[in-house]
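The values are calculated or read from the model by the stated rules, or taken from the named source; none is laboratory data. Keep in mind it's a predicted model, so treat the numbers as computed, not measured. Reconstructed Cβ throughout: ideal geometry from the backbone, glycine too, with neighbour counts over all protein chains shown. Heads up: the accessible areas ignore ligands, DNA and RNA and are worked out on the full protein's heavy atoms, side chains in. Shrake-Rupley method; radii C 1.70, N 1.55, O 1.52, S 1.80 Å.
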Amino acid sequence: PPATEPVLWLGDCGIAKPSDIVVVSAQVKSGKSAVIGAMMACAISEGGDYLGLSGAIPNGKTILHIDTEQSPEDHDALIRRSLRRTGLDPVEASKLLRSFCFTGFTPSECLSSFNLCLKIIKNIRKWQKKLNLKSKHATC
């Protein structure tokens with residue numbers, strides 16, 4: 001099969017390809033959140049300081065971020081910081097990044113919630129396509 005190009009790079013080393021699941025694991029207070037925030041920001045915007053990370057999500061794709069560790073407040077702060085780092089309009093950025101906080105969920109609740117998130121994203125894409133189609137055919 002043809003080689004799949006990475007969409008996330010650390011320096012000149014490809015670290016993730018489309019549809020990969022990326023897990024960041026390290027000791028407490030080692031900077032995981034900073035790295036995750038930089039990963040999300042570099043994938044949805046160009047330029048900027050992203051801790052040596054670079055990348056771009058393929059057109060029409062969405063990043064799904066699931067936090068199972070931080071409090072809801074810390075999760076919210078991480079996402080807001082990542083979006084500020086991009087300089088993008090929050091509405092535009094929200095089309096490229098979906099983030100959910102599953103902290104305190106049991107494993108079965110996490111799985112059920114994950115499946116629900118995927119269904120929601122799929123339906124959002126369907127509606128976006130329908131709305132784009134309607135607006136292309138609209139006349140004034």
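A compact table of results
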quantity: Amide H contacts under 5 Å for ILE63, placed H, 5+ residues apart; calculated: LEU97, ARG98
quantity: Pairwise label distance in nanometres, LYS61 with LYS126, each label 7 Å out on the Cα-Cβ vector; calculated: 2.3 nm
quantity: Heavy-atom accessible surface of the chain: percent carbon and sulfur, 1.4 Å; calculated: 58 percent
quantity: Rounded to whole Hz, the Karplus (6.51, -1.76, 1.60) HN-Hα couplings of region 30-47, x for glycine and proline; calculated: 9, x, 4, 4, 4, 5, 5, x, 5, 4, 5, 5, 5, 6, 10, 8, 10, x
quantity: In Hz, Karplus ³J(HN,Hα) per residue of region 109-116 (6.51, -1.76, 1.60; θ = phi - 60°; x = Gly, Pro); calculated: 5, 4, 5, 4, 5, 4, 4, 5
quantity: Ranked packing of 62-71, 10-19, most packed first, by mean Cβ within 10 Å; calculated: 62-71, 10-19
quantity: Computed magnitude of the charge dipole of region 39-86 (debye, nearest 20; Cβ of K, R +1, Cβ of D, E -1); calculated: 240 debye
quantity: Positive-pole candidate from ASN115, CYS13, ALA38, dipole of the chain, charges at beta carbon; calculated: ASN115
quantity: For region 1-99, size of Cβ-based charge dipole, Lys and Arg +1, Asp and Glu -1, in debye; calculated: 40 debye
quantity: Too-long pairs where the Cα-Cα distance tops 21 Å, listed order kept, from LYS32/LYS122; LYS61/LYS126; LYS32/LYS61; LYS17/LYS130; LYS95/LYS126; LYS95/LYS119; calculated: LYS32/LYS122; LYS32/LYS61; LYS17/LYS130
